[in-house]
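The values are calculated or read from the model by the stated rules, or taken from the named source; none is laboratory data. This one's a predicted model, so the numbers in the text were calculated from it and none came from an experiment. Methodologically, a virtual Cβ is constructed for each residue, glycine included, from the backbone with ideal geometry; neighbour enumeration extends over all protein chains shown.
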Amino acid sequence: MDELISLIPPTGDTLPWIVALAAIALAYTAFTVVGFGSAMIASGPLSLVIPVAKVIPLLAMLDFLGAASRGWKNRQDVAWKEFGHLFPGMLLGQLLGVQVLARLPATAMAVGLGLFVALQGLKGLRRKPTGTPPARRAFVQGLFGGVLGGLFGSGGFMYAAHLERQLPSRSAFRATQAMLIALSTAWRIVLCLWAGLIDAGLVMATLGLVPAMAIGVYAGHHIDLRISREQLFGLLNILLVACGVSLAVRHII
């Protein structure tokens with residue numbers, strides 16, 4: 001825990017740190033239920049107590065631990081066809097996101113993409129699309145998710161929005177989303193290592209936060225067992241709206 005304490009800015013106020021730990025538990029409750037949302041929920045509170053540059057790589061490592069364990073446990077349920085439609089776009093999108101972050105104003109992109117994501121959530125709440133979208137649409141959604149992941153550390157809602165419409169099985173949805181997030185965050189960790197954003201201290205800090213993540217995963221698992229598929233995907237679309245609005249508002253204010 002010494003490495004974790006060393007990341008906290010000098011202050012006598014412990015309330016922000018308590019809020020950050022609670023946010024991690026809440027973030028991974030949502031993450032376990034719908035397969036995304038950890039960065040959107042936890043990044044703000046974490047930035048109160050940890051340097052901003054460390055927040056995204058820290059959450060990437062936590063996401064990887066959570067998603068990889070779930071994806072491996074349920075690997076027999078992965079819908080590999082849909083995985084294959086999203087994965088190439090995701091890889092390319094993260095590369096583009098990193099390049100765009102270095103060259104274009106992030107604020108304008110965050111507002112535009114946030115509104116786009118919120119619109120997708122509203123459409124999902126209103127109706128379910130009919131028919132099977134072409135594979136190129138899945139590639140585009142994977143691309144958008146990758147760009148958002150590269151720019152802001154959170155693009156999983158784009159993968160979830162596609163899988164929700166394509167996979168009638170909840171087990172297939174959860175397993176495929178977990179596998180995508182695991183590989184997406186692994187790729188992001190590689191990019192962060194290459195950029196020098198991860199060191200031994202941050203790795204130890206991440207391990208120190210695993211208990212808070214475990215509480216969220218435990219709570220999310222029990223919530224997941226008690227809600228119907230319709231309730232699950234209603235929650236997913238509500239979170240899409242909330243994440244999109246949050247992304248836009250956070251960069252306007």
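Per-structure values
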{"read-out": "Options 131, 121, 112: the member that is surrounded by 20 or more Cβ atoms within 10 Å (Cβ to Cβ) and either modelled with pLDDT under 85 or within 18 Å of residue 189 (Cα to Cα) (or both)", "value": "121"}
{"read-out": "Some residue of region 24-32 being out of contact with any Leu (no Cβ under 7 Å at 6 or more places or on another chain) and modelled with pLDDT under 80", "value": "no"}
